[in-house]
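Colleague: Quick one: the structure is below, and I'll ask about it shortly.
The values are calculated or read from the model by the stated rules, or taken from the named source; none is laboratory data. This structure is a prediction, so every number in the text was calculated from the model and none was measured. Glycine also receives a Cβ, built like all others from the backbone with ideal geometry; neighbour counts cover every protein chain displayed. These accessible areas exclude ligands, DNA and RNA; they are computed on the full protein's heavy atoms, side chains included. Shrake-Rupley method; radii C 1.70, N 1.55, O 1.52, S 1.80 Å.
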Amino acid sequence: MPDIPEDSALLRMEVAGICGTDVKLYKTPPSSTPVIMGHENIGTIARAGREFTRRKGFKEGDLVFVEHYVMCGKCEWCHLGEYRHCENTDWRHNPDAIRYGYTSAEKAPHLWGGFAQYVYLPWNAVVHRVPKGVTPELAGLVTPMANGVEWSLFDGGVGYDSSVLIQGPGQQGLSQTVICKQAGASLIIVTGTSRDRARMQVAKDLGADHVIDVQKEDPLARINEITGGKGVDVVLDCTAGAGATPVLLGVDALKRKG
Ligand SMILES: [Zn+2]
Ligand SMILES: [Zn+2]
């Protein structure tokens, strides 16, 4: 284990989620420098500097989730709480940026990715406690689930009695399904392709009222039939590589003012 300064900590990895981005970056690396990938990280604090514990309240043995954005804490975005836009985490444009799973392993102290035994936590890492009784495996779903909360509840305004069309039954689409159901949506329609048959069943198990195979049925006709021609309140596009088709279907499937 490397030595760490008083205001930092070391995380022993328990679970690292594999994101769609990981697959893309592994296939086509954006640079030739070595990178330890893995940005959906759950682990146990293995060593914590005294100052780290004093400032952040975490001590050795705590099970935590670490956000992949490492913010500066000083800029306009950070002060707005929108630290995902902070320049300190913009690895594409700022060579000094730190983002777990993306930052070059050449940058000291090198441990910037979750596909490893240990991850370095500087003073400005954003760390959350995993609630008691939640296993590391379950906690590992936090990133797609948080996307579910953000996209459907915050951005889409899904709530009690909402009708929702979720396009794409991948991990993001399934997370939206769970969150929309929990938020009280009264109608959840999930679309997918014939290849998604197993995932469509999972969508149903998680609360989808209808699933539509867009290769076998005309999705718009089915949505009109289900909603009595009214359309849905909210459309969430969770497809990948489907081009503009889901966007156009989304516009057509929306209710007035949806
Ligand atoms: Zn990701
Ligand atoms: Zn900042």
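Colleague: Select from I226, G241, A198 the residue farthest towards the positive end of the dipole of region 143-253; place +1 on Cβ of Lys and Arg, -1 on Cβ of Asp and Glu, and compute about the Cα centre.
Modeller: A198
Colleague: Let me ask you something else. Under 1.5 on a/c is rounded, so check that first for region 9-139, then, if it is not, pick prolate when a/b is larger than b/c and oblate when it is not; a ≥ b ≥ c are the square roots of the alpha carbon gyration tensor eigenvalues.
Modeller: On the way: a/c = 1.63, a/b = 1.20, b/c = 1.35.
It comes out oblate by the Cα gyration axes.
Colleague: In terms of the Cα gyration tensor, with a ≥ b ≥ c the square roots of its eigenvalues, is the chain rounded because a/c is under 1.5, prolate because a/b exceeds b/c, or oblate? Write down the numbers at each step before the final one.
Modeller: On the way: a/c = 2.26, a/b = 2.04, b/c = 1.11.
Here the chain falls in the prolate category.
Colleague: Quick one: which of K181/K204; K59/K132; K24/K56; K27/K204 span more than 22 angstrom between C-alpha atoms? Don't skip to the answer; put the middle values down first.
Modeller: Values: K181/K204 11 Å; K59/K132 15 Å; K24/K56 34 Å; K27/K204 32 Å.
K24/K56; K27/K204, as the Cα separations exceed 22 Å there.
Colleague: Compute the relative contact order of region 9-139 as a whole-number percentage, counting only Cα pairs closer than 8 Å that sit 6 or more residues apart in sequence.
Modeller: Reported relative contact order: 32 percent.
Colleague: Compute the helix-to-body angle for 171-182: its Cα long axis versus the longest principal axis of the chain, expressed 0 to 90° and rounded to tens.
Modeller: With rounding to tens, the tilt is 70 degrees.
Colleague: Under a point-charge model restricted to the Cβ atoms of Lys and Arg (+1) and Asp and Glu (-1), what is the dipole moment magnitude of region 1-119 relative to its Cα centre, in debye to the nearest 20? Walk me through the numbers on the way to the answer.
Modeller: Working: 14 positive and 16 negative charges, 22 e Å.
Magnitude of the dipole: close to 100 debye.
Colleague: Given a 1.4 Å probe, how much area per residue of region 27-114 is accessible, in Å²? Present the calculation step by step, with values, prior to reporting the outcome.
Modeller: Values: 4780 Å² over 88 residues.
On a per-residue basis, 54 Å².
Colleague: Okay, moving on. Roughly what % of DSSP beta bridges within the chain run antiparallel, to the nearest 5?
Modeller: Values: 21 of 35 bridges.
Approximately 60 percent, going by the DSSP bridge assignments.
Colleague: Where nothing but the Cβ of Lys and Arg (+1) and of Asp and Glu (-1) is charged, how large is the charge dipole of the chain around its Cα centre, in debye to the nearest 20? Walk me through the numbers on the way to the answer.
Modeller: Values: 27 positive and 30 negative charges, 45 e Å.
Its charge dipole is roughly 220 debye.
Colleague: With label points built 7 Å along Cα→Cβ from the Cα atoms of K132 and D252, find their separation and express it in nm.
Modeller: 5.4 nm
Colleague: Pairs of alpha-carbon atoms within less than 8 angstrom and 6+ residues apart define the contacts here; what relative contact order does the chain have, in percent?
Modeller: Numbers: 518 pairs, mean separation 39.8, N = 258.
RCO, the chain: 15 percent.
Colleague: If you count, for each residue, the other Cβ atoms within 10 Å and average over each peptide, how do 17-25, 207-215 line up from highest to lowest?
Modeller: Highest to lowest by the protection proxy: 207-215, 17-25.
Colleague: Bin width 10 Å, origin at 0, all Cα-Cα pairs of region 1-49: what percent of pairs per bin?
Modeller: 22, 37, 31, 10
Colleague: Where in region 7-42 does the amide nitrogen come within less than 19 Å of the point 7 Å from the Cα of D90, taken along Cα to Cβ?
Modeller: The answer is 30-31.
Colleague: Using a 1.4 Å probe over the heavy atoms of the protein chains, calculate the carbon and sulfur portion of the accessible area of the chain as a whole percent. Let's see the in-between values first.
Modeller: Details: 7440 of 14010 Å².
Result for the chain: 53 percent of the exposed heavy-atom area is carbon or sulfur.
Colleague: Using Cα pairs under 8 angstrom and six or more residues apart, how large is the relative contact order of region 1-50, in percent? Could the numbers behind the result be given before it?
Modeller: Values: 54 pairs, mean separation 31.2, N = 50.
Relative contact order of region 1-50: 62 percent.
Colleague: Under 15 Å from the Cα of K230, which aspartates and glutamates turn up, not counting those fewer than eight places away in the same chain?
Modeller: Excluding near neighbours in sequence, the set is D161, D252.
Colleague: By a straight-distance test (C-alpha under 16 Å), which aspartates and glutamates pair with K107 as possible cross-link partners, with residues fewer than eight away in the same chain excluded?
Modeller: Cross-link targets: D3, D90, D96.
Colleague: Considering the options V126, C86, L10, tell which one lies farthest towards the positive end of the dipole of region 9-139, charges being +1 on Lys and Arg and -1 on Asp and Glu at the Cβ, about the Cα centre.
Modeller: L10
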